[in-house]
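Let me begin by presenting the structure, written as structure tokens, before commenting on it.
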Amino acid sequence: MILLAQACSQPSDQLALPAAGSYIGLESMGSSRDDITPDDTTDHWYHENRLTFRGDSAFLEQVPVVVKEQEKSYSASDGGFYSFRGKISQYRDSLVAHFLLVNHDYVLIGYHMVNPADSASSLSFEEKLKRGMLVLDSGAFRESYRVMVYPDRLIMDSVAYQRKN
């Protein structure tokens, strides 16, 4: 109902983009049987997601956290750190965030040469990146999620996000 009211108030008859800024949400890493520490049933693992919007650009950072006895702790490595960047598309009846994985501490993201003839160049990897000779090739790591915007929160991929002030 709220989304329909927002859609009708927009001159272009599209849903409004989320307000610029950061939103925080906790995404479960699975059931207790999938837990990172299955021998300890008193802890619960999550990714603390920071979702940031700037215009139609979207950024998602996922940091592993563990909650035990109502205390949140950050993990140095368990659970993996993910970084996505993307765009949010406005449609008449929905908003969809399209993400590309750009960094992960456990997954090597590939690069490819824009012009294969450049592969014989003696330039360093960093210099090839800087000059645009090498580009990120994480096409297999694409995700799209419907985004629902409410006055007090937003929901993406079943994760509720609160605006961070």
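Taken together, the values in this text are just the output of simple stated rules run on the coordinates, not laboratory data. Computed from a predicted model, the values in this text were never measured in an experiment.
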Check your understanding: Residue by residue, what Karplus-based ³J(HN,Hα) values in Hz, rounded to whole numbers, does segment 64-72 have, using 6.51, -1.76 and 1.60 with θ = phi - 60° and x for Gly and Pro?
Key -> x, 9, 10, 10, 9, 6, 6, 10, 9
Check your understanding: What residues qualify as long-range amide H neighbours of residue 29, i.e. H under 5 Å apart, gap of 5 or more or another chain, H built at 1.01 Å from N?
Key -> 45, 46, 47
